[in-house]
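First up is the structure itself, then whatever we jot down about it.
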Amino acid sequence: MQQRTDIFILNALKKGDKKVFEKLYSSYYQKLCSFLLSYCQDHEIIEDVVQDVFLNLWDKRREIKIQTSLNAFLYKSVYNKLMDKYRHLRLRNEMLSSYYHTAIMLAVEKEEDRPKKHIILLRQCMEGLPDKCREVFLGGKVRGLNYSEISKEFGISTKTVEGHIARAYRLLKECMDKYK
């Protein structure tokens, strides 16, 4: 009996009977959406897939040859369409991920050059410091000596050490700002 109904529906569709198509749509739409919920939780994607299958059925109604039942054809069609959509989305996401990765790598490469340039500039600025100021600064900040150790090493007061280091910071900042 179902086979006769399917043949009747297919013949009516081939003739362009919109009422038969609308009845088919209304009786299967919700069932097909529910079926796809077991594969996908995104209702928008599910609805798009089911609508696309029905649009395709209407557009190709004259060429459709169904080997199984109309019911099996519709379920298989929505499943295949959903899988196609997932493959397309996965490829698109992989492509976007590739673009993102490339952009990150380019940014990292540029950022890797940045510290090198800063170090070179800092060295040039340090060479421009007055000799005593540079020596005190290097003693404190590069060798890690505290103010009293620097004071003993250079034979100067801790206040003078503080002054040299403060002056070095100010001169280095001015020099670095000038070349930014």
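The values are calculated or read from the model by the stated rules, or taken from the named source; none is laboratory data. In this text, all values refer to a predicted model and were calculated from it rather than measured experimentally. Here the Cβ positions follow ideal geometry from the backbone for every residue, glycine too, while neighbour counts run over all protein chains shown. We work out accessible area using only protein heavy atoms, side chains counted, and drop any ligands, DNA or RNA first. Shrake-Rupley method; radii C 1.70, N 1.55, O 1.52, S 1.80 Å.
Side notes on the structure shown:
- Isolated cysteines of the chain, defined as having no other cysteine beta carbon under 4.7 Å away, are C33, C40, C133.
- The order of D48, D131 by accessible area, most exposed first and with a 1.4 Å probe, is D131, D48.
- Partners of K18 within straight-line reach, counting lysines whose Cα lies under 16 Å from its Cα and excluding those fewer than 8 residues away in the same chain: K60.
- Sequence-distant lysines (8 or more away, or on other chains) whose Cα lies within less than 26 Å of K173: K110, K116, K117, K132, K141, K159
- When you restrict to C-alpha pairs under 8 Å that are six or more residues apart and normalise by the size of the chain, the relative contact order lands at 16 percent.
- F21, F35, F8, reordered so the largest accessible area comes first (probe 1.4 Å): F8, F35, F21
- Helix 43-59 axis versus longest C-alpha principal axis of the chain: approximately 40°, rounded to the nearest ten.
- Solvent-accessible area, 1.4 Å probe, carbon plus sulfur percent, for the chain: 54
- Treating each Cα of the chain as an identical point scatterer and summing with the Debye formula, the log10 of I(q)/I(0) at q = 0.15 Å⁻¹ comes to -0.91.
- For the range 1-99, the relative contact order works out to 32 percent when only alpha carbon pairs closer than 8 Å and six or more residues apart are counted.
- Label-point gap, in nm, between I119 and S148 - each point 7 angstrom along Cα→Cβ: 3.4
- Shape call, the range 131-180: gyration tensor on alpha carbons, a/c limit 1.5: prolate
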